[in-house]
Amino acid sequence: MPPGSAFLPLSVSLRGARLVYDDLLLFDGLDLELVGGSLTCLLGPSGIGKSSLLRLLAGLAPRGMSGHLHDGSGQSLRHQVAYMAQQDLLLPWLSVLDNVLLGSRLRGEPPDRSRALDLLARVGLTEVAHSRPAALSGGMRQRAALARTLMEQRPLVLMDEPFSGLDALTRLRLQDLAAELLAGCTVLLVTHDPLEALRLGEHILVMNGRPATLSALPELPGAPPRDPGDPALQAAYRAILRQLDAGSR
């Protein structure tokens, strides 16, 4: 059962976000709307503030950052968020399986070992489920972090380059898996890959400029995950590259 089927779609609103980093104003008065139950991809050049924006939504706002954040009913997002950082953040003294089960243990909930093992099988980590993270390659650690995020079953999922460090075939397969298991969730996925955004995003935002602003791209036909060989995606890919290039000048 996809995680999103267990709860109503969660709309998210961020108003007036501001970030100053090393005396540099990265963005000011930034507004963001996430449509409930949909996957939004966020593109933009390195250093523009994408990861910081994600941390603000996760309740991990860095110093110098502020904004008014709430769900569609005006309530706090506390306890409604699953967050996958760029770093895998696996605890080295726990097995891969116990890392995937960490959230439930911290909350004092009975661990669902069956579901955790199923997720590890689906990301191709069955054989290392009882190994420590130090025994894994970088790509395997990334897959373990993805399984842990999917395990959380939260209505809002924030993912910072979740498929980086993976080979092309594994990346496509795990994109398909994430699209399946996150159906019904509200997802914001940060990526540097325009084709990944076009393949997965129901909505695509581009963050650009200084101070940075957000602009939405026209929606593509068809439901994600889309065929990367679709000519419509290739045309949209070129348009995104032009937009990113123009915004970096």
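Values in this text are rule-based calculations from the coordinates and carry no lab data. None of the values given here were measured: they were computed from a predicted structure. Every residue, glycine among them, receives a Cβ derived from its backbone with ideal geometry; neighbour counts consider all protein chains shown.
Numbers at a glance
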item: Whole-number D in µm²/s for segment 115-249 (Stokes-Einstein; Kirkwood sum over Cα pairs; 10 °C, 1.306 mPa s); result: 98
item: Rounded to whole Hz, the Karplus (6.51, -1.76, 1.60) HN-Hα couplings of segment 102-111, x for glycine and proline; result: 4, x, 5, 5, 5, 8, x, 9, x, x
item: Counting DSSP beta bridges with both ends in segment 111-249, the antiparallel % (nearest 5); result: 45
item: Cα→Cβ-extended label distance, 7 Å offset, between Asp176 and Thr126, nm; result: 1.7
item: Contour excess over end-to-end distance, with Cα ends at Ala232 and Glu219 and 0.36 nm allotted per residue; result: 3.6 nm
item: Amide proton proximity set for Tyr83, modelled H, under 5 Å, gap of 5+; result: Leu158
item: C-alpha long axis of helix 113-122 to longest principal axis of the chain, angle in °; result: 60
item: Leu169 versus Ser46: modelled label distance in nm, points set 7 Å from Cα along the beta carbon direction; result: 2.9
item: Value of [θ]222 nm, deg cm²/dmol, for the chain, DSSP H segments ≥ 4, -39500 (n - 2.57) each, nearest 500; result: -9500 deg cm²/dmol
item: Stretchable slack from Arg107 to His192, in nm (0.36 nm times residue separation minus alpha-carbon distance); result: 27.3 nm
item: Contour minus Cα-Cα distance for Arg78 and Leu91 (0.36 nm per residue); result: 2.4 nm
item: Value of relative contact order over segment 91-153, rounded to a whole percent, pairs C-alpha under 8 Å and six or more apart; result: 47
